[in-house]
Amino acid sequence: MTEKEILQAQERQIFTIERLLNRKDISLSDLEEILPALFHINSPEDSTLVYCSQAGLDFMQYEPEELLPYSAEQLASIISPDTQKYVLPKFIEFYQEENYYKVFAAFQQVKQRYKEGYTWVYSTTKIYNKLQAPISISIPLPQI
């Protein structure tokens, strides 16, 4: 599978995840077992991180009680300045459209705890209609 095919598959997966969650065919903990990516949900009110998969916690090197909930200001501390400058405004625009059929995908740089510099991840986000909240899956580029 090429890198392009992997990225396209990730976009299809986000729709599948929403469909499974809506039909209650799968729980968040079930998702963690089958999804080879980092999965997280942000609050629709203030973008606070309200759920993060164990894979995401492990990748970021945090315990659940340290990262959840994590405010938008705290999230900004682990996102590179370039990501904040170029990606965040586009994400805000995407979220404000409230289009439940659209996907937002972007390369971002995030700071892992105890590591120097930033790590690139490819994130795909969709507004989960039932919660009206953004759900995202991310794959670290080294994993691709």
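The values are calculated or read from the model by the stated rules, or taken from the named source; none is laboratory data. Quantities reported herein were computed from a predicted structural model and do not represent experimental measurements. Glycine also receives a Cβ, built like all others from the backbone with ideal geometry; neighbour counts cover every protein chain displayed. Just the protein is used for accessible areas: all its heavy atoms, side chains included, with ligands, DNA and RNA removed. Shrake-Rupley method; radii C 1.70, N 1.55, O 1.52, S 1.80 Å.
Remark: THR125 matches the filter, which requires a residue to be of a type in the set (Ser, Thr, Tyr), closer than 25 Å to ARG19 by Cβ, surrounded by 18 or more Cβ atoms within 10 Å (Cβ to Cβ) and at pLDDT 90 or above. Can you name the condition, by its number, that TYR100 falls short on among (1) over 22 Å from LEU31 (Cβ atoms); (2) among the hydroxyl-bearing types (Ser, Thr, Tyr); (3) open to solvent by 40 Å² or more (accessible area, probe 1.4 Å); (4) touching a strand residue (DSSP E or B) at 6+ places or on another chain (Cβ under 6 Å)? Only one criterion is unmet by TYR100, namely (1).
Scanning the range 105-124 finds one or more residues that are within 15 Å of the chain's Cα centre (by Cα) and of a type in the set (D, E, K, R).
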